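Nothing in this text is a laboratory measurement; each read-out follows from the coordinates by a stated rule. Computed from a predicted model, the values in this text were never measured in an experiment. Every residue, glycine among them, receives a Cβ derived from its backbone with ideal geometry; neighbour counts consider all protein chains shown.
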Amino acid sequence: MTVGLNAFILLAGLLFAIGMLGVILRKNTLVIYMSLELMLNAVIIALVAFSRYNGTMDGNLFVFFIITVAAAEVALGLAIIVALFRLRQTVMVDQLTSLSR
Amino acid sequence: MTDLLFYVFAAITLISALLMVVSPNAVNGAVCMIVSFVTTAALFVLLEAYFLAVIQVLVYAGAVMVLFLFIIMLLDVDKDTSQLLKDKMTLGASIVGFSLLVILICAAFAGGQHLPETALLPVAENPTGEGIGIPFTTSAKSYGYSLFTKYMLPFQVTGFLLLSAMIGVIVVSKKHSTDS
């Protein structure tokens, strides 16, 4: 494969930018959370590419840990969103502006 | 041939990610996200990280996105699609910020002053590694070897983190009375 490291890093950066656009643009908390997952995904593409072009295994192992932590994080975050919905009956961030009940 | 595959998969990844961000329906967005994760796994195959590609499809495209779809359909948040985005000022500001970030990334990695290009190193034959670093291999055996030698402490910490996350989910989602 003659595709260089910069192409992969460019792809990862663009994916991260798209995830950031989703986080600051959307109102739905679930879509914001999916955009956060997209940013995490962009980072692991960059890590795998660096690991492959560096010839070491460390980046791949780091991605392994990141995927594990992301799975735990998604379970906990969605539980928090469900608890929030139970309390307020909405998940739109513009209606969740008050800190008190 | 693999170059063409890279460009195809990269284009599908970016387009489906963008569709996820702009799609008004959250369920459609989640399906676009699954497509993006599967093409990311294809990119991992191109980078010869086969084990991670399988893990990506199983964990991300399988477990995580099914959980997302389940919660989206459980909460039924698509009742009012009238005001989809935030106000005009946030829309303009986020688009301007996104454009600036894209220009920055393209200038950093696609212009003349990008990172030095390195050729693909040959895949090592010995999966258990020798010397100081663990060389890049394609076998799943090297993952197990690394997890139980060099990365023993992070492995244990990750296991404990999964346990605490499980207990946290139970505590958060338990319905307790409000007056207590």
Item checked: Alpha carbon convex hull of the protein assembly as shown, projected area averaged over orientations, nm² -> 16.9 nm²
Notebook entry, point to check: How crowded by other chains is A:44-56, given as the mean number of beta carbons from other chains within 10 Å of each beta carbon?
Noted result: 6
Note to self: Between 0 and 90 degrees, rounded to the nearest ten: what's the tilt of helix A:5-25 against the longest Cα principal axis of chain A?
What the structure shows: 10 degrees
Next item on the list: Go through B:87-97, A:39-49 and give me the packing order, highest mean Cβ count within 10 Å leading.
Entry: A:39-49, B:87-97
Check: Taking every residue in B:157-170, how many Cβ atoms of other protein chains lie within 10 Å of its Cβ, on average?
Finding: 3
Margin query: Largest first, please: the extent of the C-alpha atoms of region B:1-76 along each principal axis, to the nearest Å.
Written below: 43, 25, 11
Item checked: Net +/- balance of residues flanking A:ASP58 in space, Cβ distance below 12 Å, scoring K and R +1, D and E -1 -> +2
Next item on the list: Any chance you could run the full-extension gain for B:HIS176 through B:ALA63? It's 0.36 nm times the residue separation minus the Cα-Cα distance, nm to one decimal.
Entry: 37.9 nm
Check: Do any trypsin sites (Lys or Arg not before Pro) in region B:138-180 lie in a loop, going by DSSP, with at most 12 other beta-carbon atoms within 10 Å of their beta carbon, and if so which?
Finding: B:LYS174, B:LYS175
Checklist line | Inter-site label distance for B:SER164 and B:LEU100 at 7 Å from Cα along Cβ, in nm | finding: 3.7 nm
Next item on the list: Shielding by partners for B:65-73, please: the mean number of other protein chain Cβ atoms within 10 Å of each residue's Cβ.
Entry: 4
Checklist line | Cα pair distances of chain A binned at 5 Å [whole percent] | finding: 3, 12, 17, 18, 17, 12, 9, 6, 4, 2, 1, 0
Next item on the list: Would you count, across the protein assembly as shown, every pair of lysines whose alpha carbons are under 15 angstrom apart, provided the pair is eight or more residues apart or spans two chains?
Entry: 4
Check: What residues from region B:24-56 fall in the zone where the backbone N is under 20 Å from a label point 7 Å along the Cα-to-C-beta line of B:ASP3?
Finding: B:43-48
